[in-house]
1. Being among the β-branched types (Val, Ile, Thr) and either over 30 Å from residue 205 (Cα atoms) or assigned to a helix (DSSP H, G or I) (or both), is that true of even one residue in the stretch 85-106?
2. Could you pull out the residue among 82, 59 that is in a loop (DSSP other than H, G, I, E, B) and among the hydroxyl-bearing types (Ser, Thr, Tyr)?
3. Touching a helix residue (DSSP H, G or I) at 6+ places or on another chain (Cβ under 7 Å), farther than 19 Å from residue 110 by Cβ and either of a type in the set (Gly, Ala, Ser) or modelled with pLDDT under 90 (or both): is that true of residue 37 in this structure?
4. Somewhere in the stretch 30-47, is a residue part of a helix (DSSP H, G or I) and more than 30 Å from residue 217 (Cβ to Cβ)?
5. Taking only pairs six or more apart or across chains, which ones have beta-carbon atoms under 9 Å, a first residue in the stretch 190-219 that is under 25 Å from residue 11 (Cα atoms), and a second residue that is of a type in the set (Gly, Ala, Ser) and part of a helix (DSSP H, G or I)?
6. Can you tell me which residue is surrounded by the most Cβ atoms within 10 Å (Cβ to Cβ) among those in the stretch 268-284 that are charged (D, E, K, R) and in contact with a helix residue (DSSP H, G or I) (Cβ under 9 Å, 6 or more places away or on another chain)?
7. For the stretch 41-60, check the following and say yes or no: at least one residue is open to solvent by 10 Å² or more (accessible area, probe 1.4 Å), among the basic types (Lys, Arg) and under 21 Å from residue 193 (Cβ atoms).
8. Can you tell me which residues in the stretch 80-135 are among the basic types (Lys, Arg) and buried (at least 19 other Cβ atoms within 10 Å of the Cβ)?
Amino acid sequence: MIIWLASYPKSGNTWLRTIIGQILTNNFESEKVFENSKSIRLYPSKIDFIDLDDDFKQSILTEEKKKIILNKTAQYWEISQSTINLNNKTNIFKTHNMLCKLEIDKKLYSFTSLENTMGVIHIVRDPRNVISSLINHFSLNSEETAIKFILNENQTIGINENQIPQLLSSWKNHYKSWKRFPKNNHLVRYEDLILNPKDEILRLIKFLKKFLNFSISSNDIDKIILNSSFQNLKNLENKGFFNENAKNYSSGKLQNFFHLGEKNNWKELIKSNTAHDLVRNFQDEMKELKYI
């Protein structure tokens, strides 16, 4: 059965993977952090949708072709997950896909179901801080473009890079979708992980022990916090231990994945009207999450 590590992009998913990877492998070597988290791979990926490979052979994908690829992906969400679960293991996957249903030819296709999923670790981050990270990661040319990205109810990622598409929708719809998952729903705020890492890791361990057998000491947790610090992750990226960087669409060069970390303070980085737009559009959700 699957446990999802679900988040809107640039909300701390990779960071949390490094923490869980150390917990599950019981390996606390500083330079092994990314290697330890490799078992928590991205879903959906081409390994799950082999039959879709031919659809990406065109160098330029039209909007109609992109829609066909997204629809084919949706039709195989649950089929591929049922295949994965034949291994009779606890499978943890990273995903940015929203928890949704798509209607295709008058039939509904769900991203997942209670038959395939036993829980979710849902990571959220203040959208005012997500904005600057989106600009860097997706090579967006302005805050206005980033606002359109985060408000777009039809937003997808991956397809332009010849990857299996992930349907994000807006930040608001994404958050509300995973909030609705009915069982074993563990919420992590990025900000709490910064301010109280030990408490949050203890909460996470308690959740994971519902499904997995492992032992971990207080000293191990201290090592995890040090190994998963922004500075260590950035140093490892600079040494070439990280291979999930995005490319700058203009220059073709790889972007720094670990960009600002704790220094990403929306009050200093984005325009006041950008912050106001986000609060106006996401007011109820931001209040619920105690961001405002």
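The values are calculated or read from the model by the stated rules, or taken from the named source; none is laboratory data. The structure presented is a predicted model; accordingly, all values stated were derived computationally and were not measured. Don't worry about glycine lacking a Cβ; one is built from the backbone with ideal geometry, like all the others, and counts go over all protein chains shown. With ligands, DNA and RNA removed, areas are computed over all heavy atoms of the protein, side chains included. Shrake-Rupley method; radii C 1.70, N 1.55, O 1.52, S 1.80 Å.
1. Going through the stretch 85-106, the residues among the β-branched types (Val, Ile, Thr) turn out to be 90, 92, 95, 104.
Still in the list and also either over 30 Å from residue 205 (Cα atoms) or assigned to a helix (DSSP H, G or I) (or both): 104.
Yes: one or more hits.
2. 59
3. Details: touching a helix residue (DSSP H, G or I) at 6+ places or on another chain (Cβ under 7 Å): yes; farther than 19 Å from residue 110 by Cβ: yes; either of a type in the set (Gly, Ala, Ser) or modelled with pLDDT under 90 (or both): yes.
Yes: the conditions hold for residue 37.
4. Residues of the stretch 30-47 part of a helix (DSSP H, G or I): 30-36, 46-47.
Still in the running and more than 30 Å from residue 217 (Cβ to Cβ): 46-47.
Checked against the condition, which is being part of a helix (DSSP H, G or I) and more than 30 Å from residue 217 (Cβ to Cβ), the stretch 30-47 yields at least one hit.
5. 194/261; 198/218
6. Among them, the one singled out is 277.
7. no
8. 94, 125, 128
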